[in-house]
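Every number in this text was worked out from the coordinates using simple rules, so none of it is lab data. It should be emphasised that the depicted structure is a prediction, and the values quoted were computed from it without experimental measurement. Neighbour counts are summed over all protein chains in view; Cβ atoms, including those assigned to glycine, are modelled from backbone coordinates with ideal geometry.
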Amino acid sequence: MAAAQDVLLLVGRLNYVWTNTESLLIYVIAHLLGVEKDAAIVVFLTLNTTRARIDLTERLAKLPRTSVATRDEVLAITERLKQQSKMRNKYNHCIYSVDEQGEISSTQLMRLVEGEKDVRYGKVELLDAREMARLDNAVREITDISKRLWTFIRSRPNFDERSI
């Protein structure tokens, strides 16, 4: 069981680091398309899901005009983002079960799994110390991805720090 305040703090941190990290794809998209930041923002905001933004970034990186080093770096970063998006999605699309002491005891996913003859929903998972450690690790990993993105962005020849 985890204290609701601790869970909500970690989930808030998860959302904060995720949103800031995902928005850095704007600069990667600008670089890969060879456009100004404002055009990349329009592209980024037109795609309304994380999955679509990552897919676009990966597809642009795979174009023949992209250098091998850039392609490999972008694909390594987006692979890490995809892995962490699972944790983000879990905690943004679940119901929290609370026990009689007000502690959060488990999460229930809000996803349907359709079999041939049945429909199941709501996989329940304990929210114990081990899961809290996984959540904390996800926050650290996403923060590290953000740092790697910034290193990549700042290494681009036409990047202007004043355009941030």
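When 150, 18 are ordered from fewest to most other Cβ atoms inside 10 Å of their Cβ, what list results? Provide the component values of the computation, followed by the final result.
Numbers: 150 13, 18 25.
Going from least to most buried by this count: 150, 18.
Of the labelled figures (1) 18.7, 59; (2) 16.0, 47; (3) 16.5, 56, only one reflects Rg and Dmax of the Cα atoms in Å as derived from the coordinates, namely (1).
Taking the Cβ of residue 134 as the centre, find all other residues whose Cβ is under 15 Å away and add up their charges (Lys, Arg: +1; Asp, Glu: -1). Walk me through the intermediate numbers first.
Details: positive: 13, 86, 88, 90, 130, 140; negative: 6, 125, 128, 131, 136, 141.
Taking every other residue near residue 134 into account, the sum is 0.
For the chain, list the DSSP H helices whose alpha carbon atoms reach 20 Å or more along the long axis and whose average Kyte-Doolittle value is -1.0 or above?
On the way: long enough: 4-23 (28 Å, 0.14); 68-92 (35 Å, -1.09); 129-154 (38 Å, -0.45).
For the chain, where a helix must reach 20 Å along its axis and average at least -1.0, the hits are 4-23, 129-154.
Ordering 41, 95, 143 by Cα displacement along the dipole of the stretch 2-159 toward the positive end leaves 41 in first place; charges were set at the Cβ atoms of Lys, Arg (+1) and Asp, Glu (-1). Considering helices alone, the calculated mean residue ellipticity of the chain at 222 nm is -21000 deg cm²/dmol, with DSSP H runs of length four and up weighted by -39500 (n - 2.57) and normalised per residue. A straight line joining the Cα centroids of the stretch 105-164 and the stretch 35-102 runs 10 Å.
Residues 155, 23, arranged from fewest to most other Cβ atoms within 10 angstrom of their Cβ, appear as 155, 23.
For the chain, the relative contact order works out to 30 percent when only alpha carbon pairs closer than 8 Å and six or more residues apart are counted. Among 61, 30, 52, the largest mean-square fluctuation in a Gaussian network model of the chain, built with springs joining Cα atoms closer than 10 Å, belongs to 52.
Under a 10 Å cutoff between Cα atoms, tell me which one of 99, 55, 144 has the largest fluctuation in the Gaussian network model of the chain. Answer for the Gaussian network model of the chain: 99.
How about the stretch 10-96: which GluC sites (Glu not before Pro) there are in a DSSP loop, with at most 16 other Cβ atoms within 10 Å of their Cβ?
Numbers: sites: 22, 36, 58, 73, 79; in loops: 36.
Sparse-neighbourhood loop GluC sites (Glu not before Pro): 36.
Computed from point charges on the beta carbon alone (+1 for Lys and Arg, -1 for Asp and Glu), the dipole magnitude for the chain about its Cα centre is near 660 Debye.
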